[in-house]
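This structure is in structure tokens; I'll ask about it shortly.
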Amino acid sequence: MTTATPIRMTKGCAAQTVAAFLQPVALTASAMGFWALASGLGWTAGFAVSSGLFSHWQVWLGMAGVFQICSRTLKSFDACGTLEV
């Protein structure tokens, strides 16, 4: 019987993995933002969130921008975990 060796992930690899997952999250947030904007302009029948903080298109597009900036920042880490300038 063989034993599995644990996989060690460097900081750079973890940053690249998180960055890869943040890209679709940013795309989804921007799609929600444009849907909310279109709903506010009367171009669509309605938006999924009718009240509260997440009913505003500015919140969705702001979150999309933050997710995109975080993704690009995390992509700039190399395999050793240092930040490339």
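The values are calculated or read from the model by the stated rules, or taken from the named source; none is laboratory data. Since the structure is predicted, the reported quantities are computational estimates derived from the model, not experimental observations. With ideal geometry, Cβ positions are generated from the backbone for all residues, glycine too; neighbour counts draw on all protein chains shown.
For the range 17-52, what are the residues that are surrounded by 11 or more Cβ atoms within 10 Å (Cβ to Cβ) and assigned to a loop (DSSP other than H, G, I, E, B)?
Residues of the range 17-52 surrounded by 11 or more Cβ atoms within 10 Å (Cβ to Cβ): 17-40, 44, 47, 49.
Residues satisfying the conditions are Thr44, Phe47, Val49.
Here's something else I'd like to know. Can you confirm whether the range 61-77 contains a residue that is in a loop (DSSP other than H, G, I, E, B), at pLDDT below 90 and within 30 Å of Ala15 (Cβ to Cβ)? I'd like the intermediate steps shown before the answer.
Step one: of the range 61-77, the residues in a loop (DSSP other than H, G, I, E, B) are 76.
Now narrow it down to the ones that are at pLDDT below 90: 76.
Retained after the next criterion (residues that are within 30 Å of Ala15 (Cβ to Cβ)): 76.
Yes, the range 61-77 contains at least one residue that is in a loop (DSSP other than H, G, I, E, B), at pLDDT below 90 and within 30 Å of Ala15 (Cβ to Cβ).
Six or more apart or on different chains, Cβ atoms under 8 Å: show the pairs whose first residue is in the range 44-60 and closer than 20 Å to Ala26 by Cβ and whose second is at pLDDT below 90 and assigned to a loop (DSSP other than H, G, I, E, B).
Ser55/Phe47; Ser55/Val49
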